[in-house]
1. Checking the structure you have, find out if any residue of region B:217-225 is at pLDDT 85 or above, closer than 28 Å to A:Arg412 by Cα and of a type outside the set (Val, Ile, Thr).
2. Of all residues in region B:197-207, which are within 30 Å of B:Arg183 (Cα to Cα) and more than 8 Å from chain A (Cβ to nearest Cβ)?
3. Determine, yes or no, whether B:Ala248 is at pLDDT below 50, at negative phi, part of a helix (DSSP H, G or I) and surrounded by fewer than 17 Cβ atoms within 10 Å (Cβ to Cβ).
4. Restricting region A:109-132 to residues that are surrounded by 18 or more Cβ atoms within 10 Å (Cβ to Cβ) and either closer than 16 Å to A:Leu236 by Cβ or of a type in the set (A, V, I, L, M) (or both), which is modelled with the lowest pLDDT?
5. Name the strands (runs of 3 or more DSSP E) wholly within region A:39-108 that hold at least 3 residues that are in contact with a Leu (Cβ under 8 Å, 6 or more places away or on another chain) and surrounded by fewer than 19 Cβ atoms within 10 Å (Cβ to Cβ)?
6. Residue by residue through region B:104-129, note down the ones that are more than 7 Å from every other protein chain (Cβ to nearest Cβ), out of contact with any Pro (no Cβ under 7 Å at 6 or more places or on another chain) and more than 19 Å from B:Ala66 (Cα to Cα).
7. Return the pairs, sorted by first residue and then second, in which the second residue is surrounded by 17 or more Cβ atoms within 10 Å (Cβ to Cβ), the first residue lies in region A:371-387 and is among the acidic types (Asp, Glu), the beta carbons are less than 6 Å apart, and the residues are 6+ apart or on different chains.
8. Pick out the one residue from B:Ala161, B:Ala91, B:Ala125 that is of a type in the set (A, V, I, L, M, F, W, C), touching a His at 6+ places or on another chain (Cβ under 7 Å) and assigned to a helix (DSSP H, G or I).
Amino acid sequence: MAAWFPTLALDRWRRGQPPADPPDQPLVLVGETAHGPRITAASAPAQAAGARAGMLLADARALAPGLVVHPADPAADRAMLERLALWAQRWGPHSALDPPDGVIVDVAGVAHLFGGEAALMADARAACAGLGLAVRVSIAPTAGAAWALAHHGPPGASMAAADDPLVALRDLPVAALRLDAAVLLLLDRLGLKRIGDLATIDRAALVRRFRDRRNPAANPLLRLDQLAGRVPEPILPVVATPTPLVQRRLLEPVRHRELLDRVLGDLAAALVRRLEALGQGARRIELALWRVDGDVVVRRIELAAPSRDPAHILRLLAHRIDGCDAGFGFELARLSAPWAEPLALTQADLDAAAEDHGTSLAGCIDRLRVRLGAAAVAMPVPHASHVPERAQRWVAPDLTLATQDELAFRARPLKLLDRAEAIAVIHQAPDGLPRLFRWRGAVHEITRAEGPERIAPEWWREKGSARLHDYYRIEDSSGRRYWIYRRGIAGDGRGGAPEWFLQGLCA
Amino acid sequence: MIRFAPPSSSSARRGGPPAGWWRGLARHAAPDPCPPLRQPPPIGAAAPRCLHSEVFARADEASGAALALMLANLATPGDTRPWLWVQDKAAIRRAGRPCRAGLPAPLRHRLIHVAADTPADALFALEEAVRCRDLAFVIGELAGNPAALDFTASRRLSLAAERHGVPLWLVRLDARHDLGSARMRWDVAAAPGVPPRWNRDAPGDPRWRADLFRAHHVQPGQWILGDDGYGAGAATADHGGVVSDAGARSLAARAAAG
């Protein structure tokens, strides 16, 4: 069953207003655009006066000076549509959004519970009228056919399962195929105005004409097949996901940490029970504490893996509420898990088992992050750059992350300094590898070297005056191995004499 | 593949006292009944079960971390669990951060790095890490002799590592040999590498002069350890090439002097 609310935005706006307003005023809703306010929805009196959706408000005002203008709220319309989709599950087990103003309900095999399809549609119409919503509903064997009938068919039309949709709907305009405006324009230019016209064309010709259109909204043939039920068209059902939330209103404001810890313990246990009932584990937990003097303390923690362990949650929260200002005391505490993931029920860890077997990796990372900060725990991943200091990036630890190493043509040092340190050098030849260099106050004599490995600057990132680097792997007389480079070459016209830097320590 | 070679001379150790300086202190002890032994270094298959080791090294060379990585790689062959590398801020400033492309190939993709601000935070991270059953091993890197790393902290780490079975190598950069409860304490410095076969002028595979100056269950000694190609699965101990100075057991003398 497809339900179309043609005036959803206007009806929603009217529901929020006192009913005293005369219903026949020329009401329009406008949205802000770069060219000024533009009408997004116009009521029937306003349309009679000349205003159309999509018009600039200034143009509409010129036609009808008496327009009543109110701002539109697309987000609230969307939220209302989501609520309607859930509400529409009273007629069928699954329902899906059909943005911007429609709902599709799967009513296969349930019509007899309402006394037939006609009675079901009448029930839906009555229920929507009770909500003050204008609606057009229709029932058809496929979602595409139901949509076409609801939007473009006669009011109250329905189609029996035995009918061939292509025959029953042949008189509807091609716009009933849910196509893009560009494709509709193309079909219009080709002279194909009705669904029946498309059926007269050889299928091979349609395939050839639209062979590179993968999107169903741009391919009339695919839409025809969906309408006729020849290809599947999965609908994405909406599911209500309540946020697990527990709160405690306190008789006396809490000012001391021990009492607050006890309250938090109760809250955590209650939240865990609620999560357990849902079969979920929390990934993000939000703690809000309302102060008597009108202030709220909010603390958020994120967990590396879904968890339902109250002791773990409490330990992480305890770090976070250190040093929060209680003022004259907290009177309300609320714990919620806005982000939860499925977590199957398992045998709870006994204390002794946890002590003997250690913590899990996710628990360990959580504890480190809470104390040291989220950025302190990281893992290196390769990055597409040939500049050594940019060839790796630090990301949050995720061992499932697939990475591809570059081919190791050149040896790299074990460690890189965060900033390459300048070294003073003594050359044997004017333009070559130095014989001695001084770094951190000590003189090193180079006995072996390999290089240069010349790495040019990335011209798409750096200035034109950036100089190239010549890297050498060296070993000094006492066996210490380093990675040094010379910035620039003599006479490259990008500054004075080349400078030497030490960047890495080799194993 | 690991190679062993005799050290050129123990007095060549940079900055150390001349060889045999401690013999005078141990003069009145009973004569050692065993003559100097040629023993393999206690690494890889020959290593005793030791879950907390310390490696002392200078901050201006990467020998400490490299030796710790080689020992860890040998101690956990075939392990595919992640491993943790904890550094404090001073260690990062003085000795740099790990470079992924330079790490041994089997360890590269499993590294989780923790950058702690203070030594106390680093010790907290190390203790949490050795309690984690999903880690193959833990490497810590601390610079100097911070007040937070006293004997009690060291003992806590040892107990936690032994209780949960996660090996820990603690690299101490530019640090005195202070009191610690590590079961094996190494002193390591870079040694000239093996010249590569095809380019005699290039720096070769790394070698280190490793001095095991305190150990439970095994005899201390000095070796030159080398590692080529990093991925060495098993150590094939070439006993003939290893020289051990059995006299180097005089722990009390050295601890008193250090």
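The values are calculated or read from the model by the stated rules, or taken from the named source; none is laboratory data. Please read these numbers as outputs of a predicted model, since none were measured by experiment. Here Cβ is always computed from backbone atoms with ideal geometry, including for glycine, and neighbour counts include all displayed protein chains.
1. Taking every residue of region B:217-225 in turn, at least one turns out to be at pLDDT 85 or above, closer than 28 Å to A:Arg412 by Cα and of a type outside the set (Val, Ile, Thr).
2. Correct list: B:Asp205 only.
3. no
4. Of all residues in region A:109-132, those surrounded by 18 or more Cβ atoms within 10 Å (Cβ to Cβ) come to A:111, A:117, A:120-121, A:124-125, A:128.
Pick out the ones that are also either closer than 16 Å to A:Leu236 by Cβ or of a type in the set (A, V, I, L, M) (or both) and you get A:111, A:120-121, A:124.
Values: A:Ala111: 87, A:Leu120: 91, A:Met121: 91, A:Ala124: 91.
Among those that are surrounded by 18 or more Cβ atoms within 10 Å (Cβ to Cβ) and either closer than 16 Å to A:Leu236 by Cβ or of a type in the set (A, V, I, L, M) (or both), it is A:Ala111.
5. Strands (runs of 3 or more DSSP E) meeting the threshold: A:68-71.
6. Correct list: B:Asp117, B:Thr118, B:Ala120, B:Ala122, B:Leu123, B:Glu127.
7. Qualifying pairs under 6 Å: none.
8. None of the other options fit; the residue is B:Ala161.
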